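S.K.: Sending over a structure as structure tokens; questions will come in a sec.
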Amino acid sequence: MAKVVGQYGGSYMSHMRNESNQLLEAIRETIHIGDAAGIPSHVFHLKAAGEENWPLMKEAIALIQNARDRGLDVTADIYP
């Protein structure tokens, strides 16, 4: 479906399926969908739910930055 969206100049925006113990996998999935379709991808409300998952945020941001460093158009937003 994302490939069709790309044909019309769209992007993939995800309120990811998991923001707790599978946060990193969910970010990888979001990045993969955008990359495979050749479209920008965006993570809505990036966070690590649950105090035990807070340490994942450093790697979560690194995954996004790494994708950007590879030339992918990946963004995220965080609310206070």
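S.K.: Which FRET efficiency value, to the nearest 0.05, is calculated for Met13 and Glu52 with the Förster distance at 35 angstrom and r the Cβ-Cβ distance? Kindly include the intermediate steps, with their values, before the conclusion.
M.R.: Working: r = 27 Å, r/R0 = 0.78.
After rounding to 0.05, the efficiency reads 0.80.
S.K.: For every helix of n ≥ 4 consecutive DSSP H residues, a contribution of -39,500 (n - 2.57) applies; sum these over the chain, divide by its total residues, and give [θ] at 222 nm rounded to the nearest 500 deg cm²/dmol.
M.R.: So the calculated ellipticity at 222 nm is -13500 deg cm²/dmol.
S.K.: For the stretch 2-76, what is the relative contact order in percent, using Cα pairs closer than 8 Å and at least 6 residues apart in sequence?
M.R.: Reported relative contact order: 34 percent.
S.K.: Quick check for you: which residues of the stretch 1-27 have the amide N under 17 Å from the point 7 Å beyond the Cα of His45 toward its beta carbon?
M.R.: 13-24, 26-27
S.K.: What is the angle, in °, between the Cα long axis of helix 56-69 and the longest principal axis of the Cα atoms in the chain? Nearest 10 is fine, range 0 to 90.
M.R.: Tilt relative to the chain: about 30 degrees.
S.K.: List the residues, sorted by chain then number, that are 5 or more residues from Ala76 or on another chain and whose placed amide H is less than 5 Å from its amide H.
M.R.: Val43
S.K.: Then there is this: Show me the trypsin sites (Lys or Arg not before Pro) within the chain that DSSP assigns to loop and that have at most 12 other Cβ atoms within 10 Å of their Cβ.
M.R.: The qualifying sites are Arg17, Arg70.
S.K.: Also, I was wondering about something else. Using the beta-carbon distance between Ile61 and Ala36 and R0 = 30 Å, what value does 1/(1 + (r/R0)^6) give for FRET efficiency, to the nearest 0.05?
M.R.: Using R0 = 30 Å, I get an efficiency of 0.85.
S.K.: Using only Cα atoms and rounding to the nearest 10 degrees, what angle (0 to 90) does helix 23-37 make with the longest principal axis of the chain?
M.R.: Approximately 10 degrees, to the nearest ten.
S.K.: While we're on this one: Any chance you could list P(r) for the stretch 2-76, counting all Cα-Cα pairs in 10 angstrom bins from zero, rounded to whole %?
M.R.: 22, 52, 22, 4, 0
Read-outs throughout are calculated quantities, based only on the coordinates presented, and are distinct from any laboratory measurement. No experiment lies behind these values; they were computed from the predicted model shown. Don't worry about glycine lacking a Cβ; one is built from the backbone with ideal geometry, like all the others, and counts go over all protein chains shown.
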